[in-house]
């Protein structure tokens, strides 16, 4: 992960002021809101992926930075709306826009960011790119609605979990890796393979995040331990622990989780017991094993994509090596 950050540092530093610049309006109070939103920082992994894939396929055209911004805009706008839905007051240790300016301003700021993303897409004149991002936004919204249906339910299936992850996380990773191919006018099968790489990286990223919810410290992760379950969300480590019949603690975990979801609330003591049961039932290890299948699938898809590309120069070889190593490093991250 550190190598990925270092490789994209220069490009992302150049992108950072553009994230606000593309959005500026004649209304200075609105601009203050936008500056606050992007000053919160973040990993910028989606535009980073877009820029690194662009390097891999040797795309350096005029739309490189604007579409990198689109990758971050779609993510940021979704977070703004999430914060309103969840009534969140902090994100990345800083007050959320809704906490400072109210829900109306936060929602409208998200809409402004989405609409600016649309304008930047249209300027590419690539219907494939526009359709990919439009489908991404639609699927993300649909999955948010689906996740709301699953809150506080104890009978969540693996298929339902995967559907939420694909829509909330993987679809934007897929678009971020696929769209450089459209801009470079690569064959459709190469673009598809690049998208498959991104989709599997998105699954790894989300599963790793869900695992950290049960093994990370609140200081490192930036949120309280077992925060997802506290919010009524059942994630993969819990699902794996509950269905692992080879562990005696599997039944204990199932009972504890069912009680919390039925009551609609939980004490710190109950959460501590659940965290311990997830770990002792093998839920963490099994979730990581599932993520490793996505690591291998991502690497295979990327190798397939590069088969039809010209022999790489040293710069492109470095990009390929980083992209191949990224999925596993995301799985092993500690925050």
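The values are calculated or read from the model by the stated rules, or taken from the named source; none is laboratory data. Keep in mind the model is a prediction, meaning the values are calculated, not measured. No Cβ is skipped: glycine too gets one built from the backbone with ideal geometry, and neighbour counts run over all protein chains shown.
Observations on the model:
- One residue stands out among those in the stretch 262-272 that are surrounded by 15 or more Cβ atoms within 10 Å (Cβ to Cβ) and without any contact (Cβ under 8 Å) to a residue 40 or more places away in the chain: the one that is nearest to residue 251 (Cα to Cα), which is 270.
- Matching residues in the stretch 47-68 - criterion: being surrounded by fewer than 23 Cβ atoms within 10 Å (Cβ to Cβ) and within 15 Å of residue 20 (Cα to Cα): 65, 66
- Scope the stretch 318-334; condition surrounded by fewer than 21 Cβ atoms within 10 Å (Cβ to Cβ), part of a helix (DSSP H, G or I) and within 16 Å of the chain's Cα centre (by Cα); matching residues: 328, 329, 331
- Extreme residue, nearest to residue 309 (Cα to Cα), among residues of the stretch 35-46 that are surrounded by fewer than 22 Cβ atoms within 10 Å (Cβ to Cβ) and touching a residue at least 40 places away in the same chain (Cβ under 8 Å): 42
- Evaluating residue 185 against the criteria (1) assigned to a helix (DSSP H, G or I); (2) surrounded by fewer than 19 Cβ atoms within 10 Å (Cβ to Cβ); (3) at pLDDT 95 or above leaves one unmet condition, (1).
- Of all residues in the stretch 196-216, those being over 11 Å from the mean Cα position of the chain (by Cα), closer than 25 Å to residue 66 by Cβ and crowded, with 22+ Cβ neighbours inside 10 Å number 1.
- Against the conditions (1) surrounded by 15 or more Cβ atoms within 10 Å (Cβ to Cβ); (2) in a helix (DSSP H, G or I); (3) at pLDDT below 90, residue 219 satisfies every one except (1).
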